[in-house]
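Chemist: Dropping the structure in here first, questions after.
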Amino acid sequence: ITTASPKVAPKMEKEGQPGRATLKEGEHWGMVVTLQPNRCYTFVGFSPPGSVSQLDLKLLALPLNIEAGKSGGGDKAMPVMGKGTAAICPILPVAVPYKVDVVATKGAGRVGVWVFSRNK
């Protein structure tokens, strides 16, 4: 994730610690993140070679689980939401919790997700 971040999350810094899980094929794992006003975000997932070969990310606005973003279908084992100039920038003037839904669509094994952010 760190080596790819300058390309997929340019001019952004890591936010907190990465989330980690071990998933079976078809299994979901979620982590809650609070998005701040006047900031933009990129979410980068990763699964090492030989583990999950198709990993998908979705950003869900809580508490209703309304989809606010998703990774591209062709991202394979390193999905990205809010890549480059398409960073996710909340419009609400208050901090809002979101759930990052991580799905092992194909394969099983260890996965990680790191959040990157920058000022708007």
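The values are calculated or read from the model by the stated rules, or taken from the named source; none is laboratory data. Given the structure is predicted, the values throughout are model-derived calculations rather than measurements. Here the Cβ is made from the backbone with ideal geometry for all residues, glycine too, and neighbour counts use every protein chain on show. Remember, those area values only see protein heavy atoms, side chains included, never the ligands or the DNA or RNA. Shrake-Rupley method; radii C 1.70, N 1.55, O 1.52, S 1.80 Å.
Chemist: Condition first: of a type in the set (A, V, I, L, M), closer than 22 Å to K7 by Cα and either without any contact (Cβ under 8 Å) to a residue 24 or more places away in the chain or in a loop (DSSP other than H, G, I, E, B) (or both). Now tell me which residues in segment 62-89 satisfy that. Reasoning before the result, please.
Modeler: So in segment 62-89, the residues of a type in the set (A, V, I, L, M) come out as 62, 64, 66, 68, 77-78, 80-81, 86-88.
Retained after the next criterion (residues that are closer than 22 Å to K7 by Cα): 77-78, 80-81, 86-88.
Selection gives A77, M78, A86, A87.
Chemist: Out of everything in segment 6-27 that is of a type in the set (G, A, S) and in a loop (DSSP other than H, G, I, E, B), what residue ends up being nearest to L92 (Cα to Cα)?
Modeler: Our first condition is that a residue be of a type in the set (G, A, S); within segment 6-27, this holds for 9, 16, 19, 21, 26.
In the following step, the residues that additionally are in a loop (DSSP other than H, G, I, E, B) were identified as 9, 26.
Numbers: A9: 22, G26: 33 Å.
Here the answer is A9.
Chemist: Something else now. Among (1) polar (S, T, N, Q); (2) in a loop (DSSP other than H, G, I, E, B); (3) open to solvent by 80 Å² or more (accessible area, probe 1.4 Å); (4) in contact (Cβ under 8 Å) with a residue 12 or more places away in the chain, there is one condition T3 misses while meeting the rest; what is its number?
Modeler: (4) is the only condition that T3 fails.
Chemist: Consider only pairs whose beta carbons are under 7 Å apart and that are at least six residues apart or on different chains; among these, list those whose first residue lies in segment 90-107 and is without any contact (Cβ under 8 Å) to a residue 60 or more places away in the chain and open to solvent by less than 70 Å² (accessible area, probe 1.4 Å) and whose second residue is of a type in the set (A, V, I, L, M) and part of a strand (DSSP E or B).
Modeler: P90/L35; P90/V96
Chemist: Is it the case that some residue within segment 28-46 is outside any strand (DSSP E or B), touching a strand residue (DSSP E or B) at 6+ places or on another chain (Cβ under 6 Å) and at pLDDT 95 or above?
Modeler: Applying the first criterion (outside any strand (DSSP E or B)) to segment 28-46 yields 36-38.
With touching a strand residue (DSSP E or B) at 6+ places or on another chain (Cβ under 6 Å) added as a condition, the list becomes none.
There is no residue in segment 28-46 that is outside any strand (DSSP E or B), touching a strand residue (DSSP E or B) at 6+ places or on another chain (Cβ under 6 Å) and at pLDDT 95 or above.
Chemist: Scan segment 47-68 for residues that are among the acidic types (D, E) and either on the phi > 0 side of the Ramachandran plot or surrounded by 17 or more Cβ atoms within 10 Å (Cβ to Cβ) (or both) and jot them down. Talk me through it step by step, then tell me what you get.
Modeler: So in segment 47-68, the residues among the acidic types (D, E) come out as 56, 67.
Result: D56, single match.
Chemist: Need the failing condition index for Q36 against (1) under 11 Å from the mean Cα position of the chain (by Cα); (2) closer than 20 Å to P10 by Cβ; (3) open to solvent by 60 Å² or more (accessible area, probe 1.4 Å), just the number.
Modeler: Unmet condition: (1).
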